[in-house]
Amino acid sequence: MSPDAIAPDNDLIQGLAEAAIAALPEPFRAAAGLVALRVQDLADPEIIEALGLEDPFELTGLYDGTPLTEKSFAEQPMQPDQIFLFRRAILEEWLDRGDVSLAELVTHVFVHELAHHFGWSDDDIARIDPWWE
């Protein structure tokens, strides 16, 4: 790495996630386009506490919304479904792993959170994608 290099910023993480969306097959791409994408440095302390975590660096992404399998036409959501990517936690994991590109990691985190939008549990995702092991 160049001595004058700087850490990837939120815009780069956003761009990598948008590239992941563009690479999805239909109809997943269309569904992903309806989910708001947010990039921030770390999860808010309230989220960390609500999830029973002690360290914000343990959370690289989060889906906030109602999974498609639970949506009702009768009840309209108060806010759009959102996927949060937490830049500093992603960068920390990327450095710790050292065996994947940043684009691969961002794509993986994004797709994992998108799977929650489709109604998949963490166990469902782990059965299909053992990437984290």
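General observations
- As a proxy for reagent exposure, ranking Phe84, Phe57 by other Cβ atoms within 10 Å from fewest up yields Phe57, Phe84.
- Acute angle (nearest 10 degrees) that the helix 87-97 long axis makes with the longest principal axis of the chain, alpha-carbon atoms: 60 degrees
- Environment charge of Trp94, counting only residues whose C-beta is closer than 11 Å and scoring Lys/Arg +1, Asp/Glu -1: -2
- In this structure, the amide hydrogen of Gly119, modeled 1.01 Å from its nitrogen in the peptide plane, lies closer than 5 angstrom to those of Leu68, Thr69, counting only residues at least 5 positions away or on a different chain.
- Sorting Val100, Val35, Val106 from the fewest to the most surrounding beta carbons within 10 angstrom yields Val100, Val35, Val106.
- When peptides 19-28, 114-123 are sorted by average Cβ neighbour count within 10 Å, with the highest value leading, the order is 114-123, 19-28.
- Crossing angle, helix 102-117 versus the chain [Cα axis fit, 0-90 degrees, rounded to tens]: 20 degrees
- Counting DSSP beta bridges with both ends in the chain, the antiparallel % (nearest 5): 45 percent
- Stretch gain in nm, segment Arg127-Ile6, where the contour uses 0.36 nm per residue and the Cα spacing is subtracted: 39.9 nm
- From helices alone, the chain scores -13000 deg cm²/dmol at 222 nm; the rule is -39500 (n - 2.57) for each run of n ≥ 4 DSSP H residues, then divide by the residue total.
- Approximating the spin labels as points 7 Å out from Cα along Cα→Cβ, the Val100-to-Asp44 distance works out to 2.7 nm.
- Across the chain, Cα-Cα pairs more than 25 Å apart make up 26 percent of the total.
Each reported figure results from applying straightforward, stated rules to the coordinates on display, with no laboratory input. Remember, it's a predicted structure, so these values are computed and weren't measured experimentally. Positions of Cβ are generated from backbone atoms using ideal geometry, with glycine treated the same way; all protein chains shown enter the neighbour counts.
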